[in-house]
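The values are calculated or read from the model by the stated rules, or taken from the named source; none is laboratory data. Everything quoted here is computed from the prediction, not taken from an experiment. Methodologically, a virtual Cβ is constructed for each residue, glycine included, from the backbone with ideal geometry; neighbour enumeration extends over all protein chains shown. Areas reflect the complete protein model, heavy atoms only, side chains present, ligands, DNA and RNA absent. Shrake-Rupley method; radii C 1.70, N 1.55, O 1.52, S 1.80 Å.
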Amino acid sequence: MTPPPKTFHVKSFGCQMNVYDGERMGELMAAEGMTATADADAADLVVLNTCHIRERATEKVYSDIGRIRKNARVQGREPMIAVAGCVAQAEGAEIVARAKVDVVVGPQAYHNLPGLVARAASGAPVLDTDMPAESKFGALPRRRRVGPSAFLTVQEGCDKFCTYCVVPYTRGAEVSRRMAAIVDEAKALVDAGAREITLLGQNVNGWRDADRNGLEALIHALDRIEGLARIRYTTSHPNDMTDGLIEAHVSVEKLMPFLHLPVQAGSDRVLKAMNRSHTRDGYLRLIERIRAARPDIALSGDFIVGFPGETDAEFEETLSLVDAVGYAQAFSFKYSPRPGTPAAAMDGAVPAQVMDERLQRLQAALNRDQAAFNAASLGRTCTVLIERKGKLPGQMLGKSPWLQSVHLMTDAGVGDLVEVEVVRADPNSLAGVERVRAAA
Ligand code: SAH
Ligand code: SF4
Ligand code: F3S
């Protein structure tokens, strides 16, 4: 028997959907009367909200558990540890066997967390990795306090089965939340302080309402919420990028000119082996259509180098695709074999050193393009949503419509929208001067 925890700390790894889930778990425990603490080493309950996407992400969980236990032992304490997120779903009981943890809870079951914690306090470790037909969302408390930029999960799971990826296994099949519930939560977020909402989904543009209308229908509905100034969405799959959604980037002023549209690789042979179900040309033509509709859109992507069998020539095709698109920002990764995925059984492992070289060359090209995109903003005036205080007195940090970080001196507060002239462009951020304050 351990006394029931009074304080908790949630640590989220991985994607934005995990960040959202982490916030919701925090709200659940607060509703049970527990208090959040920023110091993981002082909490009675530590929730590790984990990511399984690459090997290193997974291994981090085990080193974290070890560190938390060790730091607690020095203080003569024994905190409860709950493992949530995608490692919990993928490894389940193995986690209990490999590390001393009290609760293992999957991404579709975390609404049960308070009950699981209570049960674990009175005895043996408990595990819940069910994927119930009934969605967890109805069981979560109403949102009460959020920052100016908030996440809102609208779609979960993935049916695409890219051969390298664990997400279809850890998050299950594609499911869209109902429009009414989403609009309700969006209104609650705005009441709680949000000015910007980012709609989240592993395949967010695969979202469909009960009549099979696409994400644009949801965006149009959110457009009508008073007090909401900005709408974003991520992550999109090229095959679900419909004309209706592209059109929303023209007709909905609140929809920001930014699109994260991962391509992963530039060679058709590699794309096929990845089961991406789009070609290089199909992707480039799609980008053309999006840019024709919304010429200023900032594009972002994800890339994997060193997929099994990737040749030098095939990697060059990734570089030439990057040159052709000109991304405003991007994420790039070395291929990491994941247990149970088809790619893990493929021949042609790329040597680590080749993988390193490819990643370096790709990142140099992506950094160059990001710096060029930022440099093109110099002298422009744009609206910045103030998100937090900067390091210097009087300095505030915010985001441009194109998701660039902007710092400026202003007496505007968090959540204000400020008209800013860009006076300096660095590779990773912009400096601005305030022009006119938009009405709050
Ligand atoms: N649903 C999104 C994001 C999936 S995970 C999408 O379809 O793009 C985020 C990124 O991690 C992926 O886009 C991919 O670039 C990378 N990733 C996924 N599995 C990986 C693996 N086994 N090794 C390396 N990178 C991987
Ligand atoms: Fe993974 Fe592919 Fe689904 Fe994205 S689309 S989550 S990369 S399987
Ligand atoms: Fe990681 Fe799961 Fe997100 S594996 S990237 S936390 S969906």
The lone condition Ile81 fails out of (1) within 16 Å of ligand 3 (Cβ to nearest atom); (2) among the β-branched types (Val, Ile, Thr); (3) modelled with pLDDT of 95 or more is (1)
Per the list (1) within 16 Å of ligand 2 (Cβ to nearest atom); (2) open to solvent by 10 Å² or more (accessible area, probe 1.4 Å), residue check on Ser236 breaks on (2)
Picked from the stretch 163-175 (must be within 18 Å of the chain's Cα centre (by Cα) and open to solvent by less than 30 Å² (accessible area, probe 1.4 Å)), the residue farthest from ligand 1 (Cβ to nearest atom) is Gly172
Log entry, pairs with first residue in the stretch 268-296 being in the same structural domain as Gly306 (by TED's automatic domain parsing) and more than 26 Å from Gly309 (Cβ to Cβ), second being β-branched (Val, Ile, Thr) and open to solvent by 30 Å² or more (accessible area, probe 1.4 Å), beta carbons closer than 9 Å, six or more apart or on different chains, reads Ala293/Val250; Arg294/Val250
With criteria (1) in contact (Cβ under 8 Å) with a residue 60 or more places away in the chain; (2) more than 21 Å from the chain's Cα centre (by Cα), Ser251 comes up short on (1)
For the stretch 390-402, pairs from a residue that is over 19 Å from Ser149 (Cα atoms) to a residue that is part of a strand (DSSP E or B) and open to solvent by 30 Å² or more (accessible area, probe 1.4 Å), with Cβ under 7 Å and 6 or more apart or across chains, are Gly394/Met409
Selection from the stretch 46-69 of residues over 20 Å from Gln89 (Cβ atoms) and either open to solvent by less than 30 Å² (accessible area, probe 1.4 Å) or touching a strand residue (DSSP E or B) at 6+ places or on another chain (Cβ under 9 Å) (or both) yields Ile68, Arg69
Of the candidates Phe303, Phe315, Phe373, Phe333, the one satisfying the condition of being more than 16 Å from ligand 1 (Cβ to nearest atom) and touching a residue at least 24 places away in the same chain (Cβ under 8 Å) is Phe373
Of those in the stretch 288-305 that are of a type in the set (A, V, I, L, M) and open to solvent by 10 Å² or more (accessible area, probe 1.4 Å), the residue farthest from Ser251 (Cα to Cα) is Ile304
Of those in the stretch 340-368 that are open to solvent by 50 Å² or more (accessible area, probe 1.4 Å) and either under 18 Å from Glu317 (Cβ atoms) or among the charged types (D, E, K, R) (or both), the residue farthest from ligand 1 (Cβ to nearest atom) is Arg368
How many residues of the stretch 384-418 are farther than 19 Å from Ala298 by Cβ and part of a strand (DSSP E or B)? The answer is 8
| Taking the stated definitions as given, is Asp356 outside any loop (DSSP other than H, G, I, E, B) and at pLDDT 95 or above? | yes
Taking the stretch 14-28 and keeping only residues that are of a type in the set (A, V, I, L, M, F, W, C), closer than 21 Å to Glu59 by Cα and either open to solvent by 40 Å² or more (accessible area, probe 1.4 Å) or in contact with a helix residue (DSSP H, G or I) (Cβ under 6 Å, 6 or more places away or on another chain) (or both), one is left with Cys15, Val19
Flagged pairs (Cβ under 6 angstrom, 6 or more apart or on separate chains; first in the stretch 1-17, of a type in the set (D, E, K, R); second surrounded by fewer than 20 Cβ atoms within 10 Å (Cβ to Cβ) and modelled with pLDDT under 95) are none
Scanning the stretch 123-137 for residues that are modelled with pLDDT of 90 or more and open to solvent by 80 Å² or more (accessible area, probe 1.4 Å), the one farthest from the chain's Cα centre (by Cα) turns out to be Leu127
